[in-house]
Amino acid sequence: MLAEEAKEPFDSKDWIFEIKWDGYRAIAEIENGSTRLYSRNGNLFNNTYPVIVNELKKIRTNAILDGEIVVMDDNGNPSFQLLQNYQDDPDHPIYYYVFDLLSLKNKNTCDLPLLERKKLLKTFLKGKSQVRYADHIQSTGKEFFKLIIKKNLEGILAKKADSEYYPGKRSRNWLKIKHHKTQEAIICGFTEPTGTRKYFGALVLGLKQKDSFKYIGHTGSGFNSRNLKEVYDLLKPSIQKGSPFDGPVQTNMPVTWVRPSLVCEIKYSEWTQDGRMRHPIFLHLRPDKSINEIEMVKAIPTKAITKNSASEEKEKAYTFNSTKVVVTNTNKIFWPTEKITKGDVINYYINVGEYILPYLKDRPESLKRNPNGIKDKGFFHKDAGHDAPDWVKTMELFSESTNKNVNYIVCNNQATLTYLNNLGCIEINPWHSTLKALDNPDYMIIDIDPSDKNSFDQVIEVANVIHEILEKAHIKNLCKTSGASGMHVYVPLGKKYSYEQSKNFAELICILTNEQLPGFTSLVRNLKDRGKKIYLDHLQNRGGQTIASAYSLRPYSGATVSTPLKWNEVKPGLLPDQFNIYTMEKRLKKTGDLFKEVLGKGIDLEKSLSSLDR
């Protein structure tokens, strides 16, 4: 997670303030005794800073940490130069100041409020010498910034106390307020040295703008003999004939152009009207950053930032039959292109609650959570019951996938459904069976799962062949879009048969379908082995398996919905994105619930098999 830059410090009871360390940002992954320490662009630090890694190895709990690697000078202040040269001079104190906890015991913590994450972190890091908890103060940012100036430190970070962690995103819930104005820049060339100076005179600096580069100034200040040679040696292999800039660049001496790949940090006084740094001074190289992540600093007035971030954190309360459900971050964008928010998701499920709840009632839920929207792949979170409010029904059951008991949430009412949406559950994934008959599913499912080479018209053809096979055997069947690229065909079983019987029955239908469409369907599950064919999936019919419910949103482009269909709608030209968050309510008013018979008395399996045999 990255921070925006703010112009000035401020006071607020809703914010905390940390030291902005002058070091390398690093993620530490600790898993089953092994440790990976790496930079923002993926460079591994394990061999570079073994003291930190050895300290991290003493942590016996699986966790993912976020922090800053810092080396202290003789006065006890952070020194970026000593950090860069640490392998050659490892005698100075080195620390990993950890300020955030992204995962603990294999449980994602990014959607917890910041202060809760830091509370867990402080207990977790207790007693670690080289790995230190990055402390903070609350409310008094102005006074804290005065102390930073007095100590001549880099600056402070202001963070919204209840903010979530957005991996890879730059958010106004984190603000950096610098003591000195600095700008990261890309080295695009160097000028010839003059007088007694060796190697080069000045660095020519730029910023990337799509496929071209913008000139932002040049600097010959801030160098000594050591870093002149260091920078020159790194630039020499990248020398090229042409300029990376579109237009001419005015310098005092001839320029040798280089392939833009190295990033450095520059101190400056202000920007000129034509977008160049005034009084630029070289500070150091930034090997931990790539040229694609470097942007021009645009410090925003604090009032504008805190006002906007407050609206991002907006809370709202709903009451359902006297049960109050508080939801947070309702303005958070879940679909960036469509500008659909978390609040829109919550309202959708309230509006279609009467239609979806019958397919959720008394069923354990596997929570698929996307708390940062669809650009984040999300995660499954089964064992959530112990964190739920008292009014949420839970049931402890054995999970074969985790080989332990799991406290499942059971979604029996609108309040619970809204609670799940607030957790970031865009899609809803119930079991195929209810608590009344856990070993006996209500329905059998065939999941028509295309590769990226199949058209949706081919998916429709497969669905119709399955439909014809079942109809000839007088077997009741219904279908819905998956909300993604496939379709689901259901057969009601009425809790009369086991998961094993359901799975074997589905496999038989898949075999018969594949016999009719061998050219582009397959019973092979592995995508690599089946190639450009549609997978006929019967393995969804196993205990504990889940699939997106009817009327469930899916975390894909267009905010599509898994939608029940009439069989006469299943014809070429049908597209799954016709059914989405915008169109579903109007459709339901017209069609009503087309899926009711899925929960009906169910087929007679013995008669159905006889009919298929005939």
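The values are calculated or read from the model by the stated rules, or taken from the named source; none is laboratory data. Given the structure is predicted, the values throughout are model-derived calculations rather than measurements. Glycine also receives a Cβ, built like all others from the backbone with ideal geometry; neighbour counts cover every protein chain displayed.
A count restricted to the stretch 287-296 and to residues that are farther than 19 Å from residue 209 by Cα and buried (at least 17 other Cβ atoms within 10 Å of the Cβ) stands at 1.
Among residues of the stretch 108-125 that are closer than 14 Å to residue 164 by Cβ, those with a Cβ under 6 angstrom from a residue that is among the β-branched types (Val, Ile, Thr) and in a loop (DSSP other than H, G, I, E, B), sequence gap 6+ or separate chain, pair up as 117/109.
Listed here are the residues, each with its yes/no results for (1) buried (at least 17 other Cβ atoms within 10 Å of the Cβ); (2) farther than 20 Å from residue 299 by Cβ; (3) outside the structural domain of residue 86 (by TED's automatic domain parsing); (4) over 33 Å from the mean Cα position of the chain (by Cα).
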residue: 176; (1), (2), (3), (4): yes, no, yes, no
residue: 199; (1), (2), (3), (4): yes, yes, yes, yes
residue: 211; (1), (2), (3), (4): no, yes, yes, no
residue: 223; (1), (2), (3), (4): yes, yes, yes, yes
residue: 230; (1), (2), (3), (4): yes, yes, yes, yes
residue: 243; (1), (2), (3), (4): yes, yes, yes, yes
residue: 246; (1), (2), (3), (4): no, yes, yes, yes
residue: 254; (1), (2), (3), (4): no, yes, yes, yes
residue: 278; (1), (2), (3), (4): no, no, yes, yes
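Condition test on residue 365, is it buried (at least 20 other Cβ atoms within 10 Å of the Cβ), under 22 Å from residue 434 (Cβ atoms) and either of a type in the set (Asp, Glu) or modelled with pLDDT under 90 (or both)? Against the criterion (buried (at least 20 other Cβ atoms within 10 Å of the Cβ), under 22 Å from residue 434 (Cβ atoms) and either of a type in the set (Asp, Glu) or modelled with pLDDT under 90 (or both)), residue 365 qualifies.
Among the residues of the stretch 492-522 satisfying the criterion of being closer than 15 Å to residue 538 by Cα and of a type in the set (D, E, K, R), which is surrounded by the fewest Cβ atoms within 10 Å (Cβ to Cβ)? So, considering only residues that are closer than 15 Å to residue 538 by Cα and of a type in the set (D, E, K, R), the one surrounded by the fewest Cβ atoms within 10 Å (Cβ to Cβ) is 500.
Per this entry, residue 63 is counted among residues that are crowded, with 16+ Cβ neighbours inside 10 Å and more than 30 Å from residue 291 (Cβ to Cβ).
Every residue, every condition in (1) surrounded by fewer than 16 Cβ atoms within 10 Å (Cβ to Cβ); (2) outside the structural domain of residue 487 (by TED's automatic domain parsing); (3) more than 30 Å from residue 408 (Cβ to Cβ), yes or no:
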{"site": "534", "(1), (2), (3)": "no, no, yes"}
{"site": "545", "(1), (2), (3)": "no, no, no"}
{"site": "561", "(1), (2), (3)": "no, no, no"}
{"site": "572", "(1), (2), (3)": "yes, no, yes"}
{"site": "576", "(1), (2), (3)": "no, no, no"}
{"site": "580", "(1), (2), (3)": "no, no, no"}
{"site": "583", "(1), (2), (3)": "yes, no, yes"}
{"site": "611", "(1), (2), (3)": "yes, no, yes"}
{"site": "614", "(1), (2), (3)": "yes, no, yes"}
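Yes/no matrix, rows are residues, columns are (1) within 28 Å of the chain's Cα centre (by Cα); (2) closer than 19 Å to residue 126 by Cα; (3) assigned by TED's automatic domain parsing to the domain that holds residue 96:
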residue	(1), (2), (3)
19	yes, no, yes
38	yes, no, yes
57	yes, yes, yes
61	yes, yes, yes
68	yes, yes, yes
77	no, no, yes
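Whenever a residue of the stretch 40-69 is more than 14 Å from residue 27 (Cβ to Cβ), its partners that are part of a loop (DSSP other than H, G, I, E, B) and hydroxyl-bearing (Ser, Thr, Tyr), lying with C-beta atoms within less than 7 angstrom and at least six residues away or across chains, give the pairs 55/129. A residue that is part of a loop (DSSP other than H, G, I, E, B), among the aromatic types (Phe, Trp, Tyr) and in contact with a Phe, Trp or Tyr (Cβ under 7 Å, 6 or more places away or on another chain) cannot be found anywhere in the stretch 259-273.
When residue 489 is tested against (1) touching a residue at least 60 places away in the same chain (Cβ under 8 Å); (2) touching a strand residue (DSSP E or B) at 6+ places or on another chain (Cβ under 7 Å), exactly one condition is not met: (1). No other residue among 563, 591 is among the β-branched types (Val, Ile, Thr) and in contact with a Gly (Cβ under 9 Å, 6 or more places away or on another chain) apart from 563.
Are any residues in the stretch 588-608 among the polar types (S, T, N, Q) and within 14 Å of residue 563 (Cβ to Cβ), and if so, which ones? Across the stretch 588-608, the qualifying residue is only 591. Evaluation of residue 318 against the conditions (1) at pLDDT 90 or above; (2) closer than 18 Å to residue 417 by Cβ; (3) not in a strand (DSSP E or B) shows that the sole unmet condition is (3).
Candidates are the residues of the stretch 373-427 that are crowded, with 16+ Cβ neighbours inside 10 Å and acidic (Asp, Glu); the one that is modelled with the highest pLDDT is 427. If only residues of the stretch 146-159 that are modelled with pLDDT under 95 and surrounded by 15 or more Cβ atoms within 10 Å (Cβ to Cβ) are counted, the one that is farthest from residue 330 (Cα to Cα) is 153. Of all the listed residues (590, 566), the sole one being without any contact (Cβ under 8 Å) to a residue 12 or more places away in the chain and among the basic types (Lys, Arg) is 590. Scanning the stretch 214-236 for residues that are under 20 Å from residue 182 (Cβ atoms) and aliphatic (A, V, I, L, M) gives 216, 231. Scanning the stretch 471-515 for residues that are more than 13 Å from residue 612 (Cα to Cα) and of a type in the set (Gly, Ala, Ser) yields 482, 483, 484, 485, 486, 494, 498, 502. In the set (1) at pLDDT 95 or above; (2) part of a loop (DSSP other than H, G, I, E, B), residue 447 fails one condition alone, (2). Could you tell me whether the stretch 121-131 includes any residue that is surrounded by fewer than 16 Cβ atoms within 10 Å (Cβ to Cβ), over 22 Å from residue 59 (Cβ atoms), in the same structural domain as residue 162 (by TED's automatic domain parsing) and touching a helix residue (DSSP H, G or I) at 6+ places or on another chain (Cβ under 7 Å)? Scanning the stretch 121-131, I find no residue that is surrounded by fewer than 16 Cβ atoms within 10 Å (Cβ to Cβ), over 22 Å from residue 59 (Cβ atoms), in the same structural domain as residue 162 (by TED's automatic domain parsing) and touching a helix residue (DSSP H, G or I) at 6+ places or on another chain (Cβ under 7 Å), so the answer is no. The set of residues from the stretch 360-413 being small (Gly, Ala, Ser) and more than 25 Å from residue 598 (Cβ to Cβ) comprises 373, 378, 384, 385, 388.
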